[in-house]
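Structure, as structure tokens:
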Amino acid sequence: MAGWPPGRAAVDGLVAGAVAGVVSGLPSTVLAARRRTDLLEATRAAGTLLGRPTLWRGAVAHGVLSLGWGVALSVVWPGRAIRAAGASSARDMVMGAVAGAAIAALDLELVGRRLPAVRALPAGPQWLDHLAYGAVVGMVLGARATSGPTGLRQSGPLDRCCFSRAGTTN
């Protein structure tokens with residue numbers, strides 16, 4: 001990871017997590033509005049991570065998780081190598097959606113099943129929110145990999161396993 005500034009990865013992750021955290025609830029919100037159900041049920045359910053299903057606790061939990069997952073994904077996100085291979089923003093979004101699916105499996109299936117308020121939520125819309133979160137994180141990280149005051153991120157841990165030095169996939 002020589003040349004890869006960890007501070008930049010943290011900032012990139014915080015930006016990506018913040019943007020994705022704001023827009024990723026759109027799928028479940030649209031579906032709840034169409035079904036005329038409680039638009040804030042999922043936010044309150046997230047509050048059980050902090051003790052009780054309240055709106056305030058849910059907003060805090062959602063914010064912390066969104067920022068934390070953004071930083072975690074940024075740390076392992078392929079940087080320069082994926083751009084050198086001619087990857088598009090569509091690839092970033094697909095990779096992000098795959099990451100979102102992994103996060104959903106952990107958040108909803110492993111942890112969420114233990115929390116009655118989370119378990120009671122319709123699973124489909126929650127999975128869509130997680131896929132949207134990952135896709136947006138991927139899009140933001142991909143865009144930030146080629147911009148900013150320090151230029152391209154040099155490399156990340158996934159570059160070594162997934163991309164050769166020439167920037168092509170292994």
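The numbers here are math on the coordinates, done by the rules we state, and not lab data. Please read all numbers here as calculations on a predicted model, not as lab measurements. Cβ atoms come from the backbone with ideal geometry, glycine included; neighbour counts cover every protein chain shown.
Observations on the structure shown:
- Gain upon complete extension [VAL11, VAL76; 0.36 nm per residue less C-alpha separation]: 22.0 nm
- In a fully extended conformation the segment linking LEU50 and LEU110 would gain 19.9 nm over its present Cα-Cα distance, using 0.36 nm per residue.
- R0 of 41 Å, Cβ-Cβ distance ALA120-SER89: FRET efficiency to nearest 0.05: 0.70
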